[in-house]
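Bear in mind these aren't lab numbers, they're just calculated from the coordinates by the rules spelled out. Predicted model, so just to flag it, every value in this text is computed and none were measured. Virtual Cβ from ideal backbone geometry, glycine too; neighbours counted across all protein chains shown.
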Amino acid sequence: MSRPVRFNIHPIPSEAKDAVSVAEAPEGYAGEGFFTTQLSSVVGLARKNSMWPLPFATSCCGIEFMATMASHYDLARFGAERVGFSPRQCDLLMVMGTIAKKMGPVLRQVYLQMAEPRWVIAVGACASSGGIFDSYSVLQGIDQIIPVDVYVPGCPPRPEAILDGFMKIQELVGQESIRRRNSEQYKALLNSYGIE
Amino acid sequence: MALNNSIIQEKLVAQFGEEMFSFSEQYGMLCLEAPTEQNLKVLQFLYDEPTLAFRFLTDLCAVHDPEKPGKEICVVYHLHNLIENVRIRLKVYTSVADPKVFTATRLFEAANWMERETYDFYGVQFVGHPNLKRVLNVDEMDYFPLRKEYPLEDQTRIDKDDQMFGRG
Amino acid sequence: MTEHIQHIQLPEGSIEKQTTTLNLGPTHPATHGVFQNIIELDGERIVSAESTVGYIHRAFEKIAERRPLYQITPLTDRLNYCSSPINNMGWHLTCEKLLGVETPKRVDYLRVIIMELARISDHLICNSIVGVDTGAFTGFLYVMQYRELIYEIYEEVCGSRLTTNIGRIGGFERNFSNTAFTKLEKFLKEYPDVLKEFENLFNRNRIFMERTIGGGAISAERALNYGFTGPNLRAAGVDYDVRVQNPYSSYQDFDFIIPVGKTGDNYDRFLVRNEEMWQSLSIIQQAYRKIQEFKGEEAEVFHANVPEYYLPKKEDVYTKMEALIWHFKIIMGEVEMPKGEVYQAVEGGNGELGFYLISDGGRTPFRLHFRRPCFIYYQAYPELVKGSMLSDAVVTMSSLNLIAGEMDA
């Protein structure tokens, strides 16, 4: 005895030809049964389309993140469907919301627990620079304690803006060189934050 | 007869005497100031008296006014009689050099964290509080930030230029 | 069971503990906000808990001493950010009480519509997150779609989705356009079916009922002593609602009931919030009908006639002398402010949100204190979860609707 269906009983026929986008293959030399390219391009392509984000949602931007994750502005279409809360398993730390000085050490510890390669996106004005809260108890931007890759301004940023920031992270991930994390420049960056 | 401000005033004066309080009425709400040592007695009377029955503590906060020597910090209690729908405001004053007020936690459980917040912001020592430590600020903070002499901004920040905000 | 059966012989002098300490720490997957619980567990049962807050303390009360009254509205947005219009309206009502401004009826009805939409938005998040914490993700995805409709209505009125900064002291910044009313009609048409579908998913769902019934129960006397207000208090059996006891913004003109629960456990809170959403829907429909009855001149009124506190239209500022003078006075802070102290409460999504404002005649408040319901009832959390299991503690946390912004201010 099935329940009467009320929704989606007149589905609109879709043109499958334009509905699915296929990722661009990286530049390389192709032949009969083989394809050569740079390792970093292939690895970057795979990584950028399957990021596992860690939503570090503290305040209002967290609610916009929930709207981004929901079905209207879907984050899952970019491959970031599996949001995790364990830093050991995630590559992208999305800091959304105000970080107070009491929360600073917690954020730093979460960042330190993440495994390389890791990226950080600061969503919202408060995470980027303290926002409207220029007070004694608010950290004026998370880049005081951890290195940040992309900043998304807004208070709160629209879900489209968060998706745009995410796409910029994808660009960074796709073009990153294999040797970056061992390079002198990266080590100097981490040392300037006091991270070994 | 429904409870109104004059009945509350009469009952309080009848119980405690004429000189103890100073009454005023602000935007329809009766405000009374009591001596600091008597705050628990007044709260207990307002709670127990069957016609007054102020059994709900709406709010507990403090105000710092450096212009009143000896009475700089004022602890404000907002009480509410839910049945008759009457609100009342009780104020006790204490000095900023030695701010001690008796705690209301045995009467109202809600006062627990509200008094911790008042201690955190103004340094008011609530005598008899079970767990008087900071609740909102970091535990290592050594000053009481909401007092008027302290600035709002963190003075050690380097990325914001006070000159541009008109506070050079 | 309290005996400790020891199967392993520990060496002399090693640590023997009966309970495990677990840190349900500031970053936890319930995506509610940042607060910490340090829990002592005996197996799976909770023996005691200690809560810590302040991880998002932004010092609103100190910031407010620096800003003139109309600049404090964006701060109030960020208190309970799931229903920020209610905070905005509460602040404007406080200022109007201090300054002695009377708003016309149409403004009151428009405010009621916006506040009830915010209440629906807040309860939707809370109830769907209770579902997510018991494992049911579908409800969350269904209703977030309809929160988008509410966001579109806010965007039409004020331009922003979440932290709305809606309204001004004395009314609104612009009249509601026809698009706003069309979107409101679309919401009123589509939403009842969705709420009914949401209730079908959860209300008589056996798994949900077994997860939530009994957990986090509190009696009415303890709840009143702890200072509970709002749906949490109503679920415990006390019918206290600020909209009925101290009506503001013409709530006395509307006909609605207050749902009340019995045991104050998670299931009762869920049902009370669901029923409040139905009541909010009915209030919005009544308000919309009342607004459509205004005709002609009256239908264009969207603010009170207070040139001292309400900024004049930009066209007038550039052409008329008086408007220019008032504009200058308001922005530069040369308007006379009355001295006094006022306390105004509104019924927020979590209970009585109070604003205690002391003005000394200057441009900025002398002291502004927010009576935040979340901060006050979170003290009861250790008592609510004592003796329950860890997974029930998580469900209790989410069914109390704890919003970190409101807790820490």
Query raised in the report: Across the stretch A:89-96, in residue order, what do the Karplus-derived ³J(HN,Hα) couplings come to in whole Hz, using 6.51 cos²θ - 1.76 cosθ + 1.60 with θ = phi - 60° and x for Gly and Pro?
Result: 10, 10, 9, 10, 9, 9, 8, 10
**Report entry** Charge dipole (debye, nearest 20) of the protein assembly as shown; +1 at Cβ of Lys and Arg, -1 at Cβ of Asp and Glu
**Finding:** 540 debye
Query raised in the report: How much FRET efficiency would the formula 1/(1 + (r/R0)^6) give for C:L324 and C:T179, where r is the Cβ-Cβ distance and R0 is 25 Å, rounded to 0.05?
Result: 0.20
Query raised in the report: In percent, how large is the relative contact order of the stretch A:43-192, given Cα pairs closer than 8 Å and 6 or more residues apart?
Result: 25 percent
Requested in this report: Could you pull out which residues in the stretch B:121-162 have an amide N less than 19 Å from a spot 7 Å beyond the Cα of B:E67, following the Cα-Cβ vector?
Outcome: B:147-150
Requested in this report: List the extent of the Cα atoms of the stretch A:18-66 along each of their three principal axes, largest first, rounded to whole Å.
Outcome: 53, 29, 13
Query raised in the report: Under 5 Å between amide H atoms, partner at least 5 residues away or on a different chain: which partners does C:L41 have, H built in plane at 1.01 Å?
Result: C:T20, C:T21, C:L22, C:V47
Report task. Tell me the label-point distance for the pair C:M332, A:S21, using the 7 Å Cα-to-Cβ offset, in nm and rounded to one decimal. Result -> 5.3 nm
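Rounded to the nearest 0.05, what FRET efficiency do B:K133 and B:D154 give with R0 = 22 Å and r taken as the Cβ-Cβ distance? Could you check?
Working: r = 22 Å, r/R0 = 1.01.
Efficiency computed from Cβ-Cβ geometry: 0.50.
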Report summary line: For the stretch B:5-101, one quarter of the surface area of the C-alpha convex hull, expressed in nm², comes to 6.2 nm²
Query raised in the report: Can you pull the Rg over Rh of the stretch A:43-192, Cα-only, Kirkwood?
Result: 0.95
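How high is the relative contact order of chain B, in percent, counting Cα pairs under 8 Å that sit 6 or more residues apart?
On the way: 250 pairs, mean separation 27.3, N = 168.
Dividing the mean separation by the residue count of chain B yields 16 percent.
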Query raised in the report: What residue among C:G362, C:G333, C:G296 shows peak mean-square fluctuation when chain C is described by a Gaussian network model with Cα springs under 10 Å?
Result: C:G296
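If you put +1 on each Lys and Arg Cβ and -1 on each Asp and Glu Cβ, how big is the dipole of chain C around its Cα centre, in Debye rounded to 20? Walk me through the numbers on the way to the answer.
Working: 42 positive and 54 negative charges, 130 e Å.
Computed about the Cα centre, the dipole is about 620 debye.
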Report task. Provide the descending list of Cα extents for chain B along its principal axes, expressed in whole angstroms. Result -> 63, 35, 30
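I need the Kirkwood Rh of the stretch C:152-244: take the reciprocal of the average 1/r across all distinct C-alpha pairs and report it in angstrom. Please report the intermediate quantities before stating the final value.
Working: mean 1/r = 0.0579 Å⁻¹.
Averaging 1/r across every pair of different Cα atoms and inverting gives 17.3 Å.
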Report task. Rank these for me by crowding, C:Y309, C:Y81, going from fewest to most other beta carbons within 10 Å. Result -> C:Y309, C:Y81
Report task. Report Rg(Cα)/(2.2 N^0.38 Å) for the stretch C:309-361, keeping two decimals. Result -> 1.63
Query raised in the report: Given B:K11/B:K100; B:K160/C:K314; B:K11/B:K91; C:K97/C:K295, which pairs have Cα atoms separated by over 22 Å?
Result: B:K11/B:K100; B:K160/C:K314; C:K97/C:K295
Query raised in the report: How about C:K186: which lysines have a C-alpha closer than 19 Å to its C-alpha, ignoring those fewer than 8 places off in the same chain?
Result: C:K196, C:K290
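Can you work out D for the protein assembly as shown in µm² s⁻¹ from Stokes-Einstein, where Rh is the Kirkwood radius over C-alpha pairs, the temperature is 10 °C and the viscosity is 1.306 mPa s? Spell out each step's value before the answer.
Numbers: Rh = 28.3 Å.
After rounding, the answer is 56 µm²/s.
Need one value for C:160-170: mean number of C-beta atoms belonging to other chains within 10 Å of its residues' C-beta atoms. Walk me through the numbers on the way to the answer.
Numbers: counts 3, 6, 9, 8, 0, 0, 0, 0, 0, 0, 0.
Per-residue shielding by partner chains comes out at 2.
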Report task. Provide the gained length on full extension for the span B:E18 to B:A97, in nm with one decimal, where the gain is 0.36 nm per separating residue minus the Cα-Cα distance. Result -> 25.5 nm
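For the stretch C:94-229, take the alpha-carbon Rg, divide it by the Kirkwood Rh, and send me Rg/Rh.
Working: Rg = 18.6 Å, Rh = 17.6 Å.
Using only Cα positions, Rg/Rh for the stretch C:94-229 is 1.06.
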Query raised in the report: Can you list the HN-Hα couplings for the stretch C:227-238, worked out from phi with the Karplus curve (6.51, -1.76, 1.60; θ = phi - 60°), rounded to whole Hz and with x for Gly and Pro?
Result: x, 5, 9, x, x, 5, 6, 5, 5, 7, x, 9
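What value does chain C have for Rg/Rh, both radii from Cα atoms and Rh as Kirkwood defines it? Intermediate values should be presented prior to the final figure.
On the way: Rg = 23.5 Å, Rh = 22.8 Å.
Radius of gyration over Kirkwood radius for chain C works out to 1.03.
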Query raised in the report: For chain A, what is the charge dipole size about the Cα centre, in debye to the nearest 20, if Lys and Arg each add +1 at the Cβ and Asp and Glu each add -1 at the Cβ?
Result: 660 debye
Requested in this report: Set Lys and Arg Cβ to +1 and Asp and Glu Cβ to -1, take the dipole of chain C about its Cα centre, and tell me which of C:N305, C:A323, C:S160 lies farthest positive.
Outcome: C:A323
Requested in this report: Rounded to the nearest 500, what is the 222 nm mean residue ellipticity of the protein assembly as shown from helices alone, with -39500 (n - 2.57) per DSSP H run of 4+ residues and division by all residues?
Outcome: -11500 deg cm²/dmol
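Most exposed first by the Cβ proxy, i.e. fewest other Cβ within 10 Å, how do B:I73, B:I7 rank?
B:I7, B:I73
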Query - Cα lying deepest toward the dipole's positive end in the stretch C:193-252, options C:F202, C:Q245, C:G216, charges on Cβ - result: C:G216
Report summary line: Rounded to a whole number, the Stokes-Einstein D of the stretch C:287-409 in µm²/s (Kirkwood radius over Cα pairs; 10 °C; 1.306 mPa s) is 83 µm²/s
Report summary line: Interchain or sequence-distant (5+) residues whose placed amide H lies within less than 5 Å of the amide H of B:M29 are none
**Report entry** For the stretch B:80-153, Kirkwood radius (reciprocal of mean inverse C-alpha pair distance, Å)
**Finding:** 13.9 Å
Requested in this report: Obtain the nm distance between the two label points defined at B:Q163 and C:D239 by a simple spin-label model: each point lies 7 Å from its Cα along the Cα-to-C-beta direction.
Outcome: 6.5 nm
Query raised in the report: What residue among B:M114, B:M20, B:M141 has the largest mean-square fluctuation in a Gaussian network model of chain B, using Cα springs under 10 Å?
Result: B:M141
Query raised in the report: With labels modelled as points extended 7 Å from the Cα through the Cβ direction, what inter-label distance (nm, one decimal) is found for C:E383 paired with B:Q9?
Result: 3.6 nm
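Filter the trypsin sites (Lys or Arg not before Pro) in the stretch A:101-196 down to the DSSP loop ones having no more than 13 other Cβ atoms within 10 Å, then list what survives.
Values: sites: A:K101, A:K102, A:R108, A:R118, A:K168, A:R179, A:R180, A:R181, A:K187; in loops: A:K101, A:K102, A:R118, A:R179.
Qualifying residues, ordered by number: A:R179.
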Query raised in the report: If you plug each phi of the stretch C:369-381 into the Karplus form 6.51 cos²θ - 1.76 cosθ + 1.60 with θ = phi - 60°, what whole-Hz ³J(HN,Hα) values come out, in order, with x for Gly and Pro?
Result: 10, 9, 8, 9, x, 4, 4, 6, 8, 6, 4, 7, 4
Report task. Provide the packing ranking of A:21-27, C:340-346, C:138-144, i.e. peptides ordered by the mean count of other C-beta atoms within 10 Å per residue, highest first. Result -> C:340-346, C:138-144, A:21-27
**Report entry** Average other protein chain Cβ within 10 Å of Cβ, residues B:131-142
**Finding:** 4
Report summary line: Sorted by chain and then number, the residues having a modelled amide H within less than 5 Å of the amide H of B:T58, at least 5 places away or on another chain, are B:H78, B:L79, B:H80
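Test of the criteria: in the stretch B:114-165, which chymotrypsin sites (Phe, Trp or Tyr not before Pro) are in a DSSP loop and have at most 15 other Cβ atoms within 10 angstrom of their Cβ?
Working: sites: B:Y119, B:F121, B:Y122, B:F126, B:Y143, B:F165; in loops: B:Y143.
Taking the stretch B:114-165 and a limit of 15 other Cβ atoms within 10 Å, the loop chymotrypsin sites (Phe, Trp or Tyr not before Pro) found are B:Y143.
Find the relative contact order for chain C and round it to a whole percent, using C-alpha pairs within less than 8 Å whose residues are 6+ positions apart. Don't skip to the end; give the middle numbers.
Details: 708 pairs, mean separation 104.0, N = 409.
After rounding, I find 25 percent.
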Query raised in the report: How many partner chain Cβ atoms sit within 10 Å of a residue's Cβ in peptide B:152-165, on average, as a whole number?
Result: 4
Query raised in the report: Considering the zone a paramagnetic label at C:E315 would reach in this model (a point 7 Å from Cα along the Cα-to-Cβ line), which residues of the stretch C:102-126 have amide N under 11 Å from it?
Result: none
Report task. Just name one of B:C61, C:A287, C:T73: the one whose Cα is farthest towards the positive end of the charge dipole of the protein assembly as shown (beta-carbon charges, Lys/Arg +1, Asp/Glu -1). Result -> C:A287
Query - Stretch gain in nm, segment C:I258-C:I207, where the contour uses 0.36 nm per residue and the Cα spacing is subtracted - result: 15.6 nm
